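To start, the structure itself, in structure tokens.
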Protein chains: 2
Amino acid sequence: MAPILMNSTGNEHSSYIQQVEYVKNPHLDSMEEDILYHLNLGTKTHDLPQMFGDVKFVCVGGSPNRMRSFAQFIHEQLGLPGNIADIRDICEGTDRYSMYKVGPVLSISHGMGVPSISIMLHELIKMLYHARCRDVIIFRIGTSGGVGLAAGTVVITDKAVDSFFRPQFEQVVLGKVIIRSTELDEDVAQELLQYSSELPDIPTVIGNTMCTHDFYEGQGRLDGALCSFSTEEKFEYLRKANEAGVRNIEMESTVFAAMCRVCNLKGLREIRFQHLMMLFWNISRDRSALWFISSRNVSDSSHKNM
Amino acid sequence: MAPILMNSTGNEHSSYIQQVEYVKNPHLDSMEEDILYHLNLGTKTHDLPQMFGDVKFVCVGGSPNRMRSFAQFIHEQLGLPGNIADIRDICEGTDRYSMYKVGPVLSISHGMGVPSISIMLHELIKMLYHARCRDVIIFRIGTSGGVGLAAGTVVITDKAVDSFFRPQFEQVVLGKVIIRSTELDEDVAQELLQYSSELPDIPTVIGNTMCTHDFYEGQGRLDGALCSFSTEEKFEYLRKANEAGVRNIEMESTVFAAMCRVCNLKGLREIRFQHLMMLFWNISRDRSALWFISSRNVSDSSHKNM
């Protein structure tokens, strides 16, 4: 364990003494210092338990501006003291990611694509570990392209699948391909769908979310700099995706699901989803292109047709 | 061709009438409008030939702040009129990418990882097409991890290779894997190496650049949230990479090389490299972690050991 944790005297979060093993790395405890480079944080430079020990919800999304707006929205919804204009970017010393904390909620940007969110998740998960957090639920919020759905429909993800409709993520480790599961919990998806019935104005479905590594050719778009297929071939692929249960397409869900699954970022059954979900539904009213995915094997998405 | 191009009256760049076919998409010319969404530009909302018709060099790198600093540096080096503080972000309406123009040089950020730079390249290449640019040279500038080299060494990339040391990029198109070459031009690499001899303080080598989709497990780092290999296995992989000619590791080079190759973004033989190169060498003095790759099948990198 890093020295700052053993030597820390500023940690008032005694309830978090029981360490949850979010990380899966035997090398970490022998490191003198852990520098979370892309977050501009570190175990020697920051008192991570004091800064983040009370975190219960982590909401991640691509755009820094959107995640700041989300933090301001949550601040107002929770009735926290202070001015929303004063909520500062904890990662302001770097332009890689932005991070805001409002009460027990962290709101973090991750950029676009699997590699970009992967770097952030590695350092976020280590940060939660060093801060001795427990029972954390993590959500991904963002835009996605719908498949066979009306614009603005919310999708609660059943499984995150790759471009071949497989519920898996391929991670290359030292030149070898390792397959990680992205299977999600059906019960929690149903639980979320039930909450959605309280908001009849927002059409909601459960379906698979396809994660691609390319926005143009990978998602069948006809308007990239490169396009070698016809309109008919595009729709044939989307038809097959739809048959495989795909209801929306984005660029981060498989690695998000796989890493959270491996790192036990699932939270506890008894955590009350309803309040947080209502917040998300409310924000969805104003933004037709929000979606989110939870490491508790739940995701939600509203999105436009392609 | 989009209406704005046919109707444009503000284009004074008559020398660019001959259209260079950077794009490879038969659908584009039948589109009424082309919205470059992630750059916050479009053919109906912006006069792209007037804004960008004189562009000759495009320099891309991950960090928005670094690309702003680079634009300011180029502005000073070229002795352009005006204050560097007034150089505005052309993409300021979006937080996905930043873009600065100083004389004939564009400086653009692309975030981290293949998917992120891929989105930017699609829209950049279409922008150059709509702006009727020709003879454009594009460079990637950024940090990378060195393999078996002293910190601060500059690498001129011979080939961009994947995690299996193959000079190729796998692009998934409508669920099918397409292999694109990332082979680079040996002659131009030698030309760049020759220029480097004028700057003896900066060690420079030609070597292969490995592109991974993950910063931690993919590059053999021991300090991620996940790590399932030993120190010995890490160094064994890096030894094999070194044997395969790999001298540095980063996260964007294969798709950059592949897309620029397919889209003819190679520039002309007779363009004088030397002045631009000297600028880059100078900036390398101040920043030990710069590297760059050119679509003229040249890349250059300085980087730290892992």
| field | Shielding score for A:211-220, defined as the mean number of other chain Cβ atoms within 10 Å | value | 6
| message | Under the convention of a label 7 Å out along Cα→Cβ, give the distances in nm from residue B:231 to the same position in every other copy, shortest first. | response | 6.2
| Going by how many other beta carbons lie within 10 Å of each one, how would you line up A:33, A:21, B:183, fewest first? | A:21, A:33, B:183
| query | Expressed as a whole number of Å, what is the distance separating the alpha-carbon centroids of the range B:145-173 and the range B:106-132? | reply | 20 Å
| Neighbour-count ranking [beta-carbon atoms within 10 angstrom, fewest first] of B:221, B:88 | B:88, B:221
| task | May I ask for the Rg/Rh ratio of the range A:54-190, computed from Cα atoms with Rh as the Kirkwood radius, given to two decimals? | result | 0.99
| task | May I have the convex hull volume per residue, in Å³, for the Cα set of the range B:139-258? | result | 122 Å³
| request: Report, for residue B:242, each distance to the same residue's label point in the other copies, shortest first and in nm; define the point 7 Å along Cα→Cβ. | output: 5.5
| query | Which distance in nm do the two modelled labels at residue A:50 and residue B:264 give, with both placed 7 Å along the Cα-to-Cβ direction? | reply | 6.2 nm
| said: Under the convention of a label 7 Å out along Cα→Cβ, give the distances in nm from residue A:198 to the same position in every other copy, shortest first. | reply: 7.0
| field | Segment residue A:151-residue A:92, extension gain: residue separation times 0.36 nm, minus the distance between their alpha carbons | value | 17.8 nm
| Over all residues in A:21-27, what is the mean tally of Cβ atoms on other chains that come within 10 Å of each residue's Cβ? | 5
| remark: Fewest-first ordering of B:215, A:165, B:164 by Cβ atoms within 10 Å yields B:164, A:165, B:215
| said: Over 24 Å between Cα atoms: which of A:126/B:176; B:44/B:101; A:234/B:176 fall into that group? | reply: A:126/B:176
| Qualifying GluC sites (Glu not before Pro) for the range B:218-258 [loop in DSSP, other Cβ within 10 Å: at most 13] | none
| Remind me, what semi-axes does the range B:1-134 give for its equivalent ellipsoid, largest first in whole Å, using sqrt of 5 times each Cα gyration tensor eigenvalue? | 24, 18, 13
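Laboratory data are not the source of any read-out in this text; all were calculated from the coordinates shown. What you see is a predicted model; the values in this text were computed from it and never measured. Here Cβ is always computed from backbone atoms with ideal geometry, including for glycine, and neighbour counts include all displayed protein chains.
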